[in-house]
Amino acid sequence: MGNLSRLFVRASSFFSKEIFEILRQPRLIATLVLGPFLILLLFGIGYRNEAPVLRTVFVVPAGSPLETEIEKYASDLGEQLDYRGATTDLEGALAQLKRGEIDLVAVAPFDAYSTIRYEGEQAVFTLYHNEIDPLQADYVRYFGKIYIDEVNRRILRAITERGQEQSISISQRAASARQNSAAMRDALARGDVVAARDYQRAFERDLYQLETDTNTTIELLDNVDATLGGDADNSTEAVRSGLQQIRDNQAQLGLAGDSNFDSDAQISTATQIEAELATLESSVADLEAIDSRVLVSPFRSETQSVAPATLLAQYFAPAVIVLLLQHLAVTFGALTMVRERQLGTVELFRVSPISPAEVLVGKYAGYLLFGGVVAAILTAVMVSGYQLPLSGLGSLIGTDTLTLGLGVPMGGNWLYFSAVVFALLFASVGLGFVISLIVDTDSQAVQYAMIVLLSSVFFSGVFLRLETLLSYVRAVSWSLPATYAVQLLQTIMLRGQAPSVRLLATLFGMGVLFYLVAWLLLGRQMRYQAD
Amino acid sequence: MATERSDVRSSSAEIDIHAAKLTKQFGDQYAVKDVSFDIPRGKIFGFIGPSGSGKTTAVRLLTGIYPPTAGTARVLGVEPMNFTQHLREEIGYMPQLFALYPDLTVWENLNFVASLYGMNFVTRRKRLRELLEFVELDKDRRKLARSISGGMQRRLTLAATLAHDPRLLFLDEPTAGIDPVLRRKFWDHFKTLQDSGRTLFVTTQYVGEAAYCDYVGVMTRGQLVLVETPQGLRKRAYGGELVDIVFKDSVSERRHLQPLQQFDFVQKQLPRAVQRTGRHNARIVVDDAGAALPALMKWFGDQEIEIENIEEHVPPFDDVFVEIVSKAEAEMDAAEANHG
Ligand SMILES: Nc1ncnc2c1ncn2[C@@H]1O[C@H](COP(=O)(O)OP(=O)(O)OP(=O)(O)O)[C@@H](O)[C@H]1O
Ligand SMILES: [Mg+2]
């Protein structure tokens, strides 16, 4: 019993000592906690997840129909495309690009209309940019493509609309053909051969015109159908077959006054043609009913998330908590035994009855308690969303409320949250201890702690998703406590779900592993001083 | 007095510290070489030697901080590298350098060390307060250790070492940087500890402190030159006790000095047993000044040689120490020259 209480007293010696020591070093706390926190906060406030605006000049070939119309299509494409005019001078535009006055040069093809309309091909825009940042270059490619697609679409729409205007004349033409056919029939019935011949000629002109116009429109519509993967539309098929029948019947028509002219047969064929023209008219009306915008861009996307909605700053909040806590715990751990060695106190421990395990337990307890308090404060700041009214003062800085706290959602269970924070601190302190026992000086210890922080920023999935890393780099990720804790806290806080038991257990197991390694190393150092 | 010296070796009392050919090498350099001694329970053993002579290394070997390169040590019957937890509670170690926490207060530091030794939270308060009063830091107990003076840090370290009331104490220069009054108080306390049966191993550079010790070991260049009682130390330094004579007339070699060689108590084997030290002064080395003085006074009277003064000269330990160390080093150099 006496032994047990002594054991407790010995372990507790470090607990209170570490806490006192930390509290006596407000500057250390400030640089370790407040510094990184403010940096991340500033990032959270200042980071705009918006694409930069691309200043764009369009180069249009002289004499091209686009020369007059590009402004109509390109000047109001979207916020990220700043239309800086059109020119026919490619060299000049490229020079401007090189001087950094503009970000993008879009070169239009010579004759977009005929390419699209008559050759049924896409007109190709060429984009020039002047980016060295590969991410930015990707962005330019991506947004350039989106905007140029939009230009393509607008031109296509114009063509389609023109086609539709034509289709109005198609229905008129069909009506006119029907009227001429009917008039011819009347004339034949009256026996007025001369008039019948005139009407028949007029009818055949109409029919020819009708055929030409209709074919163009149908071809365009077929192209749209093919691009969109639909099969030949019912209405275009109906128009096509209707026209064919009319043409077949028309071939049977004789010319009034010819030798073997059969007036009765002529009348019945004309009646049939008129009926077919009536059908054709309604088919063409179907075409007219389709909105050109729908024809050209039939899909519109609307995203719906099955996860709760999150703002960007809120999304990063759990990761920030994790990074700060890990950095804090690793640094404290990394400094602790180095400091003892530098102060010479390790010599005292070695002569005293305290065991390595007692040293570790006492120190761990101190750091876990301190880390826990910091975690609580940090979380309170993140999760609360109190709006402090600033009344008059606010006008100076252009806002009338100051939000205390970030209003980060906490969807999950606080018990899970605490378990993750505990496991994170446990593993991080352990990692720090291992560092502490393999380095020689405190500046080395701090450097190692910074390396851990740096790798965490890059590899723990905070800013770059793990999926973007190669598998062997991901091994680095999974050797960092932060990687586990970020995923766990995101699940708990943002999704409001129970954490993955496997991840939590692995994180905790990692802590146990670090503890054992630290215990072995400290045991060796406390047994005797290496020469 | 030579009998006292053999006492150290052949004492039937329990030996708390035993060293046999204890050796510690750092690279090529011997910090401690072939050091052997036994320290009985309840004695104060002073370890004196110039800076770099290996005192601290010896303490570290005896407390298990360093493993020895060769030789053995037994402390409380156990090799230091195999100390049990229980045994460590019986040992107190005061390192030479301040090894406490600058960011903790005097009181917190003391409490910390008391906890290291598992001292009960409740009962230790009174003892720690007493210790602080003893080292005269009671009023400063709320100050941070970084903001107290070097001497105060020494005192705090001593208090921390005494906290768990160890049975065997290793004190590495406990009085360095302490004022003479407090130093006296410390040694009085060490004597009190000794009286209650504690054993103390104390290193020091203040040779005068040798007087407080039961035995003094003199170290130089990693070697233990001798182990002596403080009185024996003087004899060893000069080959005997010293008698100073002041003659009325100027000293005559033939009339005053040569005749002195006849006495048995004069250490004639020494090259300079009788030596003129001034116009009227002479110094002779005798085996026992107490016996020699009356005999000399009688002889001077018989010979009608007028003397102004005759007395035993007790050289300060500093001189004794310098004498011993320089002799030992000269011998080491000579031995080395012979080998080389
Ligand atoms: N850890 C070490 N590594 C290398 N050499 C050492 C080490 N410790 C001591 N020495 C060397 O051993 C010798 C004895 O050193 P030690 O500290 O024991 O002397 P000391 O008698 O205590 O001196 P001082 O009175 O100045 O404290 C010195 O020459 C020192 O340089
Ligand atoms: Mg020393």
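The values are calculated or read from the model by the stated rules, or taken from the named source; none is laboratory data. It should be emphasised that the depicted structure is a prediction, and the values quoted were computed from it without experimental measurement. Neighbour counts run over all protein chains shown; Cβ positions are idealised from the backbone, glycine included. Heads up: the accessible areas ignore ligands, DNA and RNA and are worked out on the full protein's heavy atoms, side chains in. Shrake-Rupley method; radii C 1.70, N 1.55, O 1.52, S 1.80 Å.
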From the list B:Val135, B:Val181, which residue is among the aliphatic types (A, V, I, L, M) and either within 21 Å of the chain's Cα centre (by Cα) or within 16 Å of ligand 1 (Cβ to nearest atom) (or both)? B:Val181
Tell me, please, whether a residue that is within 14 Å of chain B (Cβ to nearest Cβ), in contact with a Gly (Cβ under 9 Å, 6 or more places away or on another chain) and modelled with pLDDT of 75 or more can be found in region A:22-32. yes
With the checklist (1) crowded, with 18+ Cβ neighbours inside 10 Å; (2) more than 14 Å from every other protein chain (Cβ to nearest Cβ); (3) at pLDDT 85 or above in hand, flag the one item A:Met382 doesn't pass. (3)
Identify, please: which residue in region A:351-363 is open to solvent by less than 10 Å² (accessible area, probe 1.4 Å) and part of a helix (DSSP H, G or I) and is, among those, nearest to the other protein chains (Cβ to nearest Cβ)? A:Val351
What residue, of B:Tyr30, B:Tyr93, is open to solvent by 50 Å² or more (accessible area, probe 1.4 Å), within 16 Å of ligand 2 (Cβ to nearest atom), of a type in the set (Ser, Thr, Tyr) and in a strand (DSSP E or B)? B:Tyr30
Members of region B:155-178 that are of a type in the set (Asp, Glu) and either within 16 Å of ligand 1 (Cβ to nearest atom) or buried (at least 21 other Cβ atoms within 10 Å of the Cβ) (or both): B:Asp172, B:Glu173
For region B:56-73, indicate whether the set of residues that are of a type in the set (Ser, Thr, Tyr), open to solvent by 40 Å² or more (accessible area, probe 1.4 Å) and within 16 Å of ligand 1 (Cβ to nearest atom) is non-empty. yes
Which residue pairs have Cβ atoms under 8 Å apart, sit 6 or more places apart or on different chains, and have a first residue in region B:25-52 that is more than 13 Å from chain A (Cβ to nearest Cβ) and β-branched (Val, Ile, Thr) and a second that is open to solvent by 70 Å² or more (accessible area, probe 1.4 Å) and more than 10 Å from ligand 1 (Cβ to nearest atom)? B:Val35/B:Lys21
Here are some conditions: (1) in contact with a strand residue (DSSP E or B) (Cβ under 7 Å, 6 or more places away or on another chain); (2) farther than 26 Å from B:Leu100 by Cα. B:Arg221 meets all but one. Which one does it not meet? (1)
Going through region B:74-90 one residue at a time, which ones are part of a strand (DSSP E or B), open to solvent by 10 Å² or more (accessible area, probe 1.4 Å) and either hydrophobic (A, V, I, L, M, F, W, C) or farther than 18 Å from B:Asp34 by Cβ (or both)? B:Val78
Look through region B:84-119, keep the residues that are farther than 19 Å from B:Phe170 by Cα and in contact with a Ser or Thr (Cβ under 7 Å, 6 or more places away or on another chain), and return whichever of them is nearest to the other protein chains (Cβ to nearest Cβ). B:Ser115
In region B:173-191, is there at least one residue being closer than 19 Å to B:Asp16 by Cβ and of a type in the set (A, V, I, L, M, F, W, C)? yes
Region A:91-106, residues that are open to solvent by less than 50 Å² (accessible area, probe 1.4 Å) and outside any strand (DSSP E or B): A:Gly92, A:Ala93, A:Leu94, A:Ala95, A:Leu97, A:Gly100, A:Ile102, A:Asp103
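Here is a yes/no grid of residues against (1) buried (at least 23 other Cβ atoms within 10 Å of the Cβ); (2) within 16 Å of ligand 1 (Cβ to nearest atom); (3) assigned to a loop (DSSP other than H, G, I, E, B):
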{"site": "B:Ala99", "(1), (2), (3)": "no, yes, yes"}
{"site": "B:Glu108", "(1), (2), (3)": "no, no, no"}
{"site": "B:Gly118", "(1), (2), (3)": "yes, no, yes"}
{"site": "B:Leu128", "(1), (2), (3)": "no, no, no"}
{"site": "B:Gly151", "(1), (2), (3)": "no, no, no"}
Counted residues, region B:45-70 - those being within 12 Å of ligand 2 (Cβ to nearest atom) and either in contact with a Lys or Arg (Cβ under 6 Å, 6 or more places away or on another chain) or outside any helix (DSSP H, G or I) (or both): 9
Quick one: count up the residues across region B:179-205 that are surrounded by fewer than 18 Cβ atoms within 10 Å (Cβ to Cβ), within 25 Å of B:Asp38 (Cβ to Cβ) and either within 15 Å of ligand 2 (Cβ to nearest atom) or among the charged types (D, E, K, R) (or both). 3
For A:Ser477, indicate whether it is surrounded by 14 or more Cβ atoms within 10 Å (Cβ to Cβ), away from ligand 2 (no atom under 16 Å from the Cβ) and over 23 Å from A:Gly362 (Cβ atoms). yes
So is A:Thr217 in contact with a Leu (Cβ under 9 Å, 6 or more places away or on another chain), surrounded by 13 or more Cβ atoms within 10 Å (Cβ to Cβ), polar (S, T, N, Q) and modelled with pLDDT under 80 or not? yes
Could you grab the pairs with beta carbons closer than 6 Å, sequence gap of 6+ or different chains, first residue in region B:327-338 and of a type in the set (A, V, I, L, M), second one at pLDDT 85 or above? B:Ala328/B:Thr220; B:Ala328/B:Val225
